[in-house]
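Novice: One structure, as structure tokens, below. Some questions next.
Just so it is clear, none of the values below were taken in a lab; they were calculated from the coordinates. Since we're looking at a predicted model, the values are computed, not measured. Counting neighbours? That spans all protein chains shown, and the Cβs are built from the backbone with ideal geometry, glycine included.
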Amino acid sequence: MTCKNNREIEKIKKKQEKNKSYKTLIKNSIKKVKEEIKNKSSNISISLSYMQKIIDKANNKKVIHKNKADRLKSKLQKLSG
């Protein structure tokens with residue numbers, strides 16, 4: 001195990017916070033899309049495109065893996081219709 005200095009530890013903490021916020025944003029957008037699909041809302045396509053945009057951003061910033069991003073988008077596309 002390597003000894004890290006304070007600067008490295010703070011960088012890691014910042015990155016963890018950023019990743020955590022992206023992951024919660026993804027979870028909340030997925031819940032929103034599922035709820036709209038369940039209620040057969042008229043603006044499913046808008047929230048679906050917003051959710052895909054969020055997932056792509058998280059993928060580009062390496063918060064989630066590429067395959068996981070593709071799985072999430074595919075799964076919700078199938079649910080929507």
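Novice: Which value at 222 nm does the chain reach when only helices count, each DSSP H run of 4 or more adding -39,500 (n - 2.57), with the total divided by all residues and rounded to the nearest 500 deg cm²/dmol?
Specialist: -28500 deg cm²/dmol
Novice: In degrees between 0 and 90, to the nearest 10, how far off the longest principal axis of the chain does helix 6-39 point, with axes built from Cα atoms?
Specialist: 10 degrees
Novice: Nearest 10 degrees is fine. How inclined is helix 66-80 to the longest principal axis of the chain, computing both from alpha carbons?
Specialist: 20 degrees
Novice: Please identify the longest segment of the chain free of exposed trypsin sites (Lys or Arg not before Pro), where exposed means a DSSP state other than H, G, I, E or B and no more than 14 other Cβ atoms within 10 Å.
Specialist: 5-39
Novice: What size of dipole, in debye to the nearest 20, comes out for the chain about its Cα centre when the only charges are +1 on Lys and Arg C-beta atoms and -1 on Asp and Glu C-beta atoms?
Specialist: 200 debye
Novice: Just the number: Rg to Rh for the chain, Cα atoms, Kirkwood Rh, two decimals.
Specialist: Radius of gyration relative to Kirkwood radius: 1.15.
Novice: Output the pairs from K14/K57; K11/K73; K40/K66; K38/K61 with a Cα-Cα distance over 26 Å in this structure; if there are none, say none.
Specialist: From the list (K14/K57; K11/K73; K40/K66; K38/K61), the Cα-Cα distance tops 26 Å for K11/K73; K40/K66; K38/K61.
Novice: So, one more: By how many degrees, between 0 and 90 and to the nearest 10, does the Cα long axis of helix 44-60 differ from the longest principal axis of the chain?
Specialist: Between the helix axis and the principal axis of the chain, the angle is about 20 degrees.
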